[in-house]
Amino acid sequence: MESKLNKEFIRDMKSSYMVLKGDGRDHNYKNKMLSRYSIPGFLSIDIKSINNVELYYYDITNLKTLEETYGTRVFHFKDIKELLEGIFDAIDNGREYFLEQDDFILYPDCLYMRENTDNLKLCYYPGFRESIIGQLSILFEYIMNKADYKEESAILLIYALYKESRENNTTLYRLRDILKEAFPKDIKVKKLKAPQQIKFNTEDDKICAKDNLISDIKTFKQPAGEENVYQINLNGEYEKQEEVSYYETSTFIMAGAIAAGALSFLFVLFRTGALSDELGHPDIIKVTAGLAIVICLSGYALTKVFDPKKKSTRLVTKIVYEDITEKPLRVDKVADGKSDESEEASQTLQEDNSVTTILSEQEDKTEILFTQLSLPCHYLVEKNSCNPVEIPVETFPYYVGKDKNRNQLILKEGSVSRLHAVITKRDNMVFLTDLGSTNGTYVNGQRLEKNQPVQVDNSDELAFSRELYLFKIKE
């Protein structure tokens, strides 16, 4: 995505410059601010005048554009947040010098950085005068097309920003509030108390396990005539990070000042006799009216001070212990329809979540029995179809919409948004999230709020605009 600016590039022995030609208007004040001060987040600039035409030389030595940096990379949540925070900080710095925000160039081929998004430099071009919100909307769309779609928090953040930027009355403050409140939620990292050990009774016993699934595996050799038991222990201690909202200390100080001011005002009214009658006694009507006015004013001020939008957030780490021991898998030993006490069994947990039991006899070869682990499968079934087909939901996140490149379930209905909704899975629970769609996402007839995950269960009716599906879970 390239801007339509007429850019030239000059390189000498030591430096590289991007050159933009002035529009011929008088920008004396802005030019002085840019020449005299080194503003954080701005590209260094040298302004030259040739034949009464201003030329802006931006120093881009050892810098790459956003387009070059992320040509073959994807945006993660951290990258998006750092990039946009850098843009908003540079805009704030420009306000301190009374520089208009619509003169920033936010196209991907004009945003410069070194290696990471935390070294961002913006190009300020006097006279550019293109809506900053419109430019951000184009930038959000560019990031959305290159975001990591396996990272739910990154997708929810950039899509929320994109939808807000398309609203008629949106402001930079609203966009910044969305960015400020965004944190990756419910990050769970397994913390094991001791190194893992795998014990075998004989050298012939072999157990293959997925490293990220099984905490401890043990095989036990049972006495002759009994069943072999395969046990999986998934107990463990976890670090769980949760997002906590809170008010800063300055908020409570301000609230205390408001309360003290209200009490002081009442005291002054009593001392001056404003609430007394002609004989100097308290007048009930005046006292009631005075109290009502003070309570209303102070209450209104406190609601502004304790506005939920002004809450700060932080991540709190908690240690939790989860006991999720699986029941033993029992496989009866069978050889030619008879039980044989002399057989020995070894079991293997395969990559496809199945258990293979290999039975060996003292004299004969092995006989293989196969037992499939019962794992839940998720499906979407079109409700109003004459020949309903079960659509497997195999990977998470599972995106729904009419964009052919970014969704797993592609709907042709015209009222469905390009990126309509997403199905996610967390702690064996399935959630549906509306991604700010135009015509809404529904669960059992109830419309979902945008970017708010709602748990769905077996046989729930899901509606993506006018497209109806039943959500099925099979064991």
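The values are calculated or read from the model by the stated rules, or taken from the named source; none is laboratory data. Please read these numbers as outputs of a predicted model, since none were measured by experiment. No Cβ is skipped: glycine too gets one built from the backbone with ideal geometry, and neighbour counts run over all protein chains shown. Heads up: the accessible areas ignore ligands, DNA and RNA and are worked out on the full protein's heavy atoms, side chains in. Shrake-Rupley method; radii C 1.70, N 1.55, O 1.52, S 1.80 Å.
What the table shows:
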quantity: ³J(HN,Hα) computed for each position of the stretch 59-68 - Karplus, 6.51 cos²θ - 1.76 cosθ + 1.60, integer Hz, glycine/proline x; calculated: 6, 10, 4, 6, 10, 10, 6, 4, 4, 6
quantity: Other-chain or far-sequence residues with amide H under 5 Å of residue 276's (modelled H); calculated: 283
quantity: Derived scalar couplings ³J(HN,Hα) [the stretch 141-157; Karplus, 6.51 cos²θ - 1.76 cosθ + 1.60; whole Hz; x for Gly, Pro]; calculated: 5, 4, 5, 4, 6, 10, 6, 6, 6, 8, 9, 4, 5, 5, 5, 4, 5
quantity: Most to least accessible of 110, 377, 296 (protein chains only, probe 1.4 Å); calculated: 296, 377, 110
quantity: Residues of the stretch 405-445: accessible area per residue with a 1.4 Å probe, Å²; calculated: 42 Å²
quantity: Note, ³J(HN,Hα) from phi for the stretch 395-409, Karplus 6.51, -1.76, 1.60, rounded to Hz, x at Gly and Pro; calculated: 10, 10, x, 10, 8, 10, x, 9, 6, 6, 8, 10, 10, 7, 9
quantity: Candidate residues 76, 281: accessible-area rank, largest first, probe 1.4 Å; calculated: 281, 76
quantity: Amide proton proximity set for residue 430, modelled H, under 5 Å, gap of 5+; calculated: 456
quantity: Inter-site label distance for residue 37 and residue 148 at 7 Å from Cα along Cβ, in nm; calculated: 3.8 nm
quantity: Rounded FRET efficiency, nearest 0.05, which uses the C-beta distance separating residue 51 from residue 246 and R0 of 51 Å; calculated: 0.30
quantity: Length released on extending from residue 304 to residue 425, taking residue separation times 0.36 nm less the Cα-Cα span; calculated: 39.8 nm
quantity: Interchain or long-range residues, amide H under 5 Å from residue 147's placed H; calculated: 75
quantity: Distance from the stretch 60-97 to the stretch 121-141 (C-alpha centre basis), Å; calculated: 12 Å
quantity: FRET E, pair residue 412, residue 472, Förster distance 22 Å, beta-carbon r, rounded to 0.05; calculated: 0.50
quantity: At most 15 other Cβ within 10 Å, DSSP loop - trypsin sites (Lys or Arg not before Pro), the stretch 1-71; calculated: 4, 14, 25
